[in-house]
Amino acid sequence: MPTTAPARQRKKSSSSRRDDEAPIIPILARKVREVEAKAQKNKLGPTNRVKFQVIAFLVREERARVKVDDQVTDSARAELLKRLDGVATILAKTAARDTSLIQLLEVDHATTPVAKRMRRDWLLEAGAELPPEELVIDDAKPVVAEAATPVMVSERAVRPEQVDFRIESNPFLAPDATPAPAEPAPRRRLDSWELMGPLYKAFAQGAGGGSAVMPLPEVPEFDRVSPKGLEVMPHQSRFLEAVRDGHREFLLADEPGLGKTAQSVLAASVAEAYPLLVVVPNVVKMNWAREVERWTPQRRATVIMGDGGDVDAFADIFIVNYEILDRHVGWLAEIGLKGMVVDEAHFIKNLSSQRSQNVLALAARVRERCADPLMLALTGTPLINDVEDFDAIWRFLGWTDGTKPGPELMERLDATGLTPADKGFYPEARQAVIDLGIVRRRKKDVAKDLPDKLIADMPVQLDDEFGRSIARAERELARRLTERYHRIIAARGDRGLEPGEIDEDIVDLVARGELDEANAQGETGENVFSMVRRIGQGKAQLAADYAAQLQRSVGKVVFFAKHIDVMDTAERVFADEGVKTVAIRGDQTAAARQQAIDAFNEDPEVGIIVCSLTAAGVGVNLQAASNVVLAELSWTSAEQTQAIDRVHRIGQDEPVTAWRIIGAHTIDTKIAELIDAKEGLASRALDGERLNEDDAEPVQLAALKALLREALAN
């Protein structure tokens, strides 16, 4: 180890003399306590992992020096070694808490540029005299994208046949894919500084405050992006104008309910970023396909399921969930993507996970093959545990490589004329990152643009074995209805129907007969009631997952379900996610019920209240939240409205969003449509408007009739 500054001659205490003999030890002791504290809170991000490496490296280095230093007395040597053993003990306890740290104890792990800079700075703080070659530390050569491609090879990898057809049909794809040679980065004033820690610190401290929103253009005079019948809101329009101006990398961190999906779909259209890859959680996969059809009807989206046997390789937009990305990452890297969206981007914060590595490898490949791709990271919760959760998102966007800022960010930081030693560096550094493309708006910031109550549907794909059993039961119900219909048609003889024409009287008769039987059976037989209950059970995990994501982003959430087993499943999911909950159930006493309500409204630690639609649908004030998740659909629009109005009531100062979780390609979809159609029934009746007869029939009957009509049409 380099020699340290000589001890001063004045009389000092024993501990001071020991520090003079080994001034690096108190620094190591302080640093190891910082790492230990982070580990105890499960916030051991990249910077603290590097600290762990450097501490271990310097402990070994200092122990070896102390053992052979003939200027240190035996008693002093024993004391110094004891103190080093204390630091090593804390390292061992920390590694026992997080076993992934053990591999970082290898000697060569402390030789990265970041680790070298950290070691240099600590030694200089200790008064060490370092040789010139240790004062200036050159960065390692950047890791080229090809180094990340091995993660694209998976034992589960598949290659849909249509993919080769698409690649072969595009003679320009191969030449366009040739990357231009990279020019060497110029030397900059801050090259010798460790900058990732200060960048994280700038955000952790707020560094002067201010909303994290890059400068955005003003709202244009005309809406040039919305399809007929739709209109973007002003805050969405400003984001899209930034895309039109040429900005291509964004961390879009708007709160849920502000239309991040619509903004992303339209951004791809404005940027002509096709083909576009969208990586999403399974719970929102179908919703993305619907939003593409809604906002850009001229574009084709394909949802990748399982092994991709039904994928449309000629689509403009490919939508895949994290869980199956490893099967498809190989061929997705070959089709010439010009843009990539990562929804709920906090899912990739664990850089050691396979899904994070796949996403980052694909992003690197997109940058190789496209000069200016559209890269969007969407999340209302970019930070879950620690400010270093930014790491993976910044890597995805190309703003850093995890060890140092990228060229554009480095240029912005260099232009400040400041260094991390200057207090003014931190607000400037925070703003430099924000200006790269962070857009964070809250509901209250854009409240004037929003309706006071919004019902947003979230279709989910029930593609496991339980979901397939629901599909089989629905097909069986449709078969039973059509058989009855045809039997009645055959018994009544020719009634003058045209080929393919459906007799609505018989449809009504068959549906009413089925409903009467279902009412007699309840949920015990194979009927519309039991089917809807099974759909609720199938959605329970997905609905709870979504509610937990929502809670991390917006705070308190009200979760409604009809059945106890769905509530039970949700509470297990929330417990696993570490979300504190209370519940309102039908078997509670009045005192227990009020205690749960008070805890939700007043205790900041309570994130979600799990409510029974029947027990909490009326007479309950839950306006501490502005977001509601409806895990199961009601049979009446009034019951749905009553549930939402537990939050949407006098005193609520934020727009309310109700998220309905709907089983895609099931009778759930039709029920949701029927509820919406009946939403205005009471007001129309009170206003004296003429009512359609269909408005007065029960949703169950209307759903059975719709199911029968669809089966007869096919």
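The values are calculated or read from the model by the stated rules, or taken from the named source; none is laboratory data. Given the structure is predicted, the values throughout are model-derived calculations rather than measurements. Glycine also receives a Cβ, built like all others from the backbone with ideal geometry; neighbour counts cover every protein chain displayed.
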(Q) Against the condition among the hydrophobic types (A, V, I, L, M, F, W, C), at pLDDT 65 or above and in contact with a strand residue (DSSP E or B) (Cβ under 6 Å, 6 or more places away or on another chain), how does A212 come out, does it pass? (A) yes
(Q) Could you check region 484-504 and list, in sequence order, the residues that are exposed (fewer than 10 other Cβ atoms within 10 Å of the Cβ) and under 17 Å from E710 (Cα atoms)? (A) P499, G500
Q: Kindly indicate whether any position in region 236-254 is among the hydroxyl-bearing types (S, T, Y) and modelled with pLDDT of 90 or more.
A: yes
**Q.** Options A544, A518; residue that is within 35 Å of the chain's Cα centre (by Cα) and of a type in the set (G, A, S)
**A.** A544
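Identify, from the list I348, I324, the residue that is touching a residue at least 12 places away in the same chain (Cβ under 8 Å) and either surrounded by 22 or more Cβ atoms within 10 Å (Cβ to Cβ) or in contact with a helix residue (DSSP H, G or I) (Cβ under 8 Å, 6 or more places away or on another chain) (or both).
I348
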Q. Mind checking which residues of region 514-528 are buried (at least 18 other Cβ atoms within 10 Å of the Cβ) and out of contact with any Phe, Trp or Tyr (no Cβ under 6 Å at 6 or more places or on another chain)?
A. E514, L515, N527, V528
Q. Of all residues in region 23-43, how many are outside any helix (DSSP H, G or I) and either at pLDDT below 70 or charged (D, E, K, R) (or both)?
A. 3
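So, V366, is that one closer than 30 Å to K41 by Cα and either in contact with a strand residue (DSSP E or B) (Cβ under 7 Å, 6 or more places away or on another chain) or not in a loop (DSSP other than H, G, I, E, B) (or both) or not?
So V366 does not fit the description; no.
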Q) Say we look at region 424-453 and pick out the residues that are modelled with pLDDT under 85 and not in a helix (DSSP H, G or I); which of these is nearest to L195 (Cα to Cα)? A) R442
Q. Does A429 meet the test of being farther than 29 Å from R355 by Cα and buried (at least 21 other Cβ atoms within 10 Å of the Cβ)?
A. yes
Q) Out of (1) charged (D, E, K, R); (2) crowded, with 19+ Cβ neighbours inside 10 Å; (3) modelled with pLDDT of 90 or more, what's the single condition that is false for D565? A) (2)
Q) Does L337 satisfy the condition of being crowded, with 24+ Cβ neighbours inside 10 Å, in contact with a strand residue (DSSP E or B) (Cβ under 7 Å, 6 or more places away or on another chain) and at pLDDT 90 or above? A) no
Q) Of all residues in region 25-79, how many are small (G, A, S) and in contact with a Lys or Arg (Cβ under 9 Å, 6 or more places away or on another chain)? A) 5
Q.
Looking only at region 384-416, count every residue that is of a type outside the set (V, I, T), touching a residue at least 12 places away in the same chain (Cβ under 8 Å) and part of a loop (DSSP other than H, G, I, E, B) and tell me the total.
A. 7
**Q.** Of residues in region 261-286 being of a type outside the set (S, T, Y) and under 19 Å from G229 (Cα atoms), the one farthest from the chain's Cα centre (by Cα)
**A.** V270
Q: Might you check whether a residue that is of a type in the set (D, E) and either part of a strand (DSSP E or B) or assigned by TED's automatic domain parsing to the domain that holds V628 (or both) occurs anywhere in region 510-530?
A: no
Q. Does F466 meet the test of being within 30 Å of T657 (Cα to Cα), modelled with pLDDT under 85, more than 29 Å from the chain's Cα centre (by Cα) and of a type in the set (F, W, Y)?
A. no
**Q.** Matching option when the condition is free of Cβ contacts under 8 Å to residues at least 40 places away in the same chain and within 29 Å of P405 (Cα to Cα), among R224, R244, R189, R248
**A.** R244
Q. Among the listed residues V342, V359, which satisfies the condition of being crowded, with 21+ Cβ neighbours inside 10 Å, touching a residue at least 24 places away in the same chain (Cβ under 8 Å) and not in a helix (DSSP H, G or I)?
A. V342
Q: Answer yes or no: is there a residue in region 415-425 that is buried (at least 18 other Cβ atoms within 10 Å of the Cβ) and either of a type in the set (S, T, N, Q) or under 19 Å from L376 (Cβ atoms) (or both).
A: no
Q) Being part of a helix (DSSP H, G or I), modelled with pLDDT under 80 and either of a type outside the set (D, E, K, R) or farther than 30 Å from P698 by Cα (or both), is that true of even one residue in region 590-606? A) yes
(Q) Quick check on this structure: which one of R533, R572 is in contact with a His (Cβ under 8 Å, 6 or more places away or on another chain), in a helix (DSSP H, G or I) and either free of Cβ contacts under 8 Å to residues at least 40 places away in the same chain or exposed (fewer than 14 other Cβ atoms within 10 Å of the Cβ) (or both)? (A) R533
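Whether any residue in region 643-655 is part of a helix (DSSP H, G or I), closer than 25 Å to K453 by Cα, touching a residue at least 24 places away in the same chain (Cβ under 8 Å) and not acidic (D, E) is what I want to check.
Yes: region 643-655 contains one or more residues that are part of a helix (DSSP H, G or I), closer than 25 Å to K453 by Cα, touching a residue at least 24 places away in the same chain (Cβ under 8 Å) and not acidic (D, E).
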**Q.** Qualifying positions in region 666-680 - modelled with pLDDT of 85 or more and part of a loop (DSSP other than H, G, I, E, B)
**A.** T666
Q: For region 599-623, name all the residues that are more than 25 Å from A664 (Cα to Cα), within 30 Å of the chain's Cα centre (by Cα) and either hydroxyl-bearing (S, T, Y) or surrounded by fewer than 21 Cβ atoms within 10 Å (Cβ to Cβ) (or both).
A: A599, N601, E602, D603, P604, E605, V606, N621, Q623
